[in-house]
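One structure is given here, and the rest of the page talks about it.
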Ligand code: GUN
Ligand code: ZN
């Protein structure tokens, strides 16, 4: 067992109200192994009340620091680290001119391994302790990312990118086996083998990953849906309704479906643990479909602003009642930093909510990138919070990390003011440490 004395930020259980932050100026966080040998939070609260309860537990005192839940990135592309900041007229030319040429390189295991090493280090340096990530269509890239996350004992979900048409051969699923009938068939065989190798191993999870409907044939989407039905606790990840040209293309390719989103439903790909990036241009029936099926949206504000895709509609999402959380979407997204993502989400929220005289509160923004994202992933009570029983993944923040942060945070007279100062001025310098729950063997 071990305890940390610092200011503490966490969230009330969801049934007490959404996005309800708790803050203890002088708090104690006690962590220790659970029955399964995972390092979890045993207790959290005010130092003075709790100190006598744990007399023999060593306490690390972190004066002036804030301990908060590790951030959860609901949608990020591991092979796109080098693609950040590539200008294009919009999504489709960006994919063709920058993204596919870079993703081609992940066919080589050594290239994948060094990129995975950098990617995981960069997530942790920015305070992201859980991620749902895209790999490429090459199994080498999936193995490299799982290997790296396993070495760090990080909670990470990824999967083989399914794409069997409408892209250069070099980034389509390969037909490797002698008896392989098609790219689609091979990609599904490979996906299942990867599920069996990695899903549920330590803190790793598998996601069935059709890139987006336009990159997959009917056969491939059908097979992905069947795989999802056979493995109900595996995740699904894809993209939907990001960009007007993309939507027109998807409608043309799947005219029998009611909408772009409905295409995924028609192939059995909307359910709990199905995470769809963007969800910008949805209609009312789509939003009801999201809620009814239990699918969730990964909101990617820096990416949507960078690629000029549009603005996620928070008011309509809340009205419909489907789950969502925040994501960097690197490399369409411009930063690994959750602070940059939360600030961009604030701007996006203003676009939709200003008319109603509303804006997203700092507590809600923070929740969207921690407990809210975990909930949307089906990991409520596992990560994204510091309630007892949660895995002990947390960040140590130094609110004096820069002269301006020090000046501004010292003026805060409420929790919302303190959180907003960090959201607006924060970046990787604010994150002094990310602590990952380690298995005790
Ligand atoms: N749609 C299909 N592939 C991608 C991708 O890599 N990034 C984004 N932002 N959208 C996509
Ligand atoms: Zn994406």
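In the set (1) out of contact with any helix residue (DSSP H, G or I) (no Cβ under 8 Å at 6 or more places or on another chain); (2) within 16 Å of ligand 2 (Cβ to nearest atom), residue 252 fails one condition alone, (2).
Of all residues in the range 297-314, none are more than 16 Å from ligand 1 (Cβ to nearest atom) and over 22 Å from the mean Cα position of the chain (by Cα).
Applying the criterion of at least 2 residues that are surrounded by 17 or more Cβ atoms within 10 Å (Cβ to Cβ) and under 22 Å from the mean Cα position of the chain (by Cα) to the helices (runs of 4 or more DSSP H) found wholly in the range 178-278 leaves 183-198, 218-230, 260-266.
For the range 119-141, which residues satisfy the criterion of being part of a helix (DSSP H, G or I), free of Cβ contacts under 8 Å to residues at least 40 places away in the same chain and either more than 14 Å from the chain's Cα centre (by Cα) or farther than 19 Å from residue 74 by Cβ (or both)?
Looking only at the range 119-141, we keep the residues that are part of a helix (DSSP H, G or I), and these are 119-125, 139-141.
Of the ones still in play, those that are also free of Cβ contacts under 8 Å to residues at least 40 places away in the same chain are 120-121, 140.
Listed by number, the residues that qualify are 121, 140.
Which fully enclosed helices (runs of 4 or more DSSP H) of the range 289-366 have 2 or more residues being within 13 Å of ligand 2 (Cβ to nearest atom) and either free of Cβ contacts under 8 Å to residues at least 24 places away in the same chain or within 27 Å of residue 428 (Cα to Cα) (or both)? Even if it seems obvious, please write down each step before you answer.
On the way: elements: 301-306, 314-320, 338-353.
In the range 289-366, the matching helices (runs of 4 or more DSSP H) lie at 301-306.
Looking at 141, 112, just one residue is closer than 23 Å to residue 176 by Cβ and away from ligand 1 (no atom under 16 Å from the Cβ), and that residue is 112. Take residue 246 and decide whether it is within 16 Å of ligand 2 (Cβ to nearest atom) and either touching a helix residue (DSSP H, G or I) at 6+ places or on another chain (Cβ under 6 Å) or under 19 Å from residue 136 (Cα atoms) (or both). Answer is yes for this residue. Taken over the range 367-394, residues that are in a loop (DSSP other than H, G, I, E, B), in contact with a strand residue (DSSP E or B) (Cβ under 6 Å, 6 or more places away or on another chain) and surrounded by 23 or more Cβ atoms within 10 Å (Cβ to Cβ) amount to 9.
No lab work stands behind these numbers, since they all come straight from the coordinates. The shown structure was predicted, so the numbers you read here are calculated from the model rather than taken from an experiment. As a convention, Cβ positions derive from the backbone with ideal geometry for all residues, glycine included, and neighbour counts pool all protein chains shown.
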